[in-house]
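Novice: Got a structure for you, written out below as structure tokens; questions coming shortly.
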Amino acid sequence: MAGREILNKMKEKACFSSSVSIEAGKGKSKFSKHITHGFYLEKGKSNHAMEDCLVSEFKKLDDNELGLFAIFDGHMGHDVAKYLQGHLFDNIMKQHDFWTDTEKALRRAYKTTDNEILEQSFHLGKGGSTAVTAILMDGHKLLVANVGDSRAVICRKGVPKQISVDHEPSKEKSMIEKKGGFVSNIPGDVPRVDGQLAVARAFGDKSLKRHLSSEPDVAVEIVDEDVEFVILASDGLWKVGYHRNL
């Protein structure tokens, strides 16, 4: 399935409406003519304002090229997602071991950024955000990190594989309970941390933070000729179309 067909399939699955504003664009790598990227952001049918933010760009650093891609799915407002859009990658890239131990740098930067958000909660509000980030280093090495339920999927030779981890309260119940929290399981509703949040890991959410984690899961993939595409998307897409059906 070609890239345009995949995008149309995603839009169809998510039941997007053309009556709302759309943010879309595309670009390509200067390092490899075979690598391109695109993004599409559109509000679904929820009653609240758009709370998602994204990053989709290539950046030249000295003799290296970085592809920086992310989805930030905010809740209880868009301020935390907006902060992540403007600061998370900068915090990652300024880590002293970014080039030598990128996975460790990612974990440290996630924690640093969450601390910054919590310190500014008076201005950023009481909400939070999930995150899935992907860094493509020189068109070859892909590092994906995530907290929450926004997802990354890679496709090799027509076979999709999820490379992020869905941080659901039911899966991390023991960890939440060890921190003094609880996971509600009300009929007709999804499991929630302290009866409120439907993800077990997130940035922000100061009132719940003692029971939440912002520790990311990190995966590394080598991008070779077998890789057809990588998709990052918020749960709004995956809930209506499991990645094997795209």
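Every number here is computed from the coordinates shown, using simple stated rules; none is lab data. Note that the structure is a prediction, hence the values are computed from the model and not measured.
Novice: Want the number for residue 57 to residue 140: 0.36 nm per residue separation, take away the alpha-carbon distance, what's left?
Specialist: On the way: separation 83, 0.36 × 83 = 29.88 nm, distance 1.58 nm.
Residue separation times 0.36 nm, minus the Cα-Cα distance, leaves 28.3 nm.
Novice: How fast does the stretch 125-246 diffuse by Stokes-Einstein, in µm²/s, taking the Kirkwood radius from C-alpha pairs at 20 °C and 1.002 mPa s?
Specialist: Reported coefficient: 139 µm²/s.
Novice: Given a cut-off of 21 Å, name the pairs among 111/179; 161/209; 26/59 whose C-alpha atoms lie farther apart than that in the structure shown. Could the numbers behind the result be given before it?
Specialist: Numbers: 111/179 18 Å; 161/209 31 Å; 26/59 14 Å.
Too far apart for the 21 Å limit: 161/209.
Novice: Would you please state the base-10 log of I(q)/I(0) at q = 0.12, 0.13 1/Å for the chain, with intensities from the Debye formula using one equal scatterer on every alpha carbon?
Specialist: -0.69, -0.82
Novice: Here's a follow-up. When the Kirkwood radius is taken over all Cα pairs of the stretch 66-115, what Stokes-Einstein diffusion coefficient follows at 20 °C and 1.002 mPa s, in µm²/s?
Specialist: Numbers: Rh = 11.5 Å.
Here the translational diffusion coefficient equals 187 µm²/s.
Novice: Normalising by the residue count of the chain, find the relative contact order in percent from Cα pairs under 8 Å and 6+ residues apart.
Specialist: Numbers: 482 pairs, mean separation 47.0, N = 246.
Reported as a whole number, the value is 19 percent.
Novice: Now a separate question. Add -39500 (n - 2.57) for each DSSP H run of 4 or more in the chain, then divide by its residues: what number comes out at 222 nm, to the nearest 500 deg cm²/dmol? Walk me through the numbers on the way to the answer.
Specialist: Values: 6 runs with 59 residues, N = 246.
Helix contribution divided over all residues of the chain: -7000 deg cm²/dmol.
Novice: Let me ask you something else. How would the stretch 85-163 be classified by its alpha-carbon gyration tensor: rounded, prolate or oblate, with rounded meaning a/c under 1.5 and the a/b versus b/c comparison settling the rest?
Specialist: Values: a/c = 3.03, a/b = 1.46, b/c = 2.07.
Here the stretch 85-163 falls in the oblate category.
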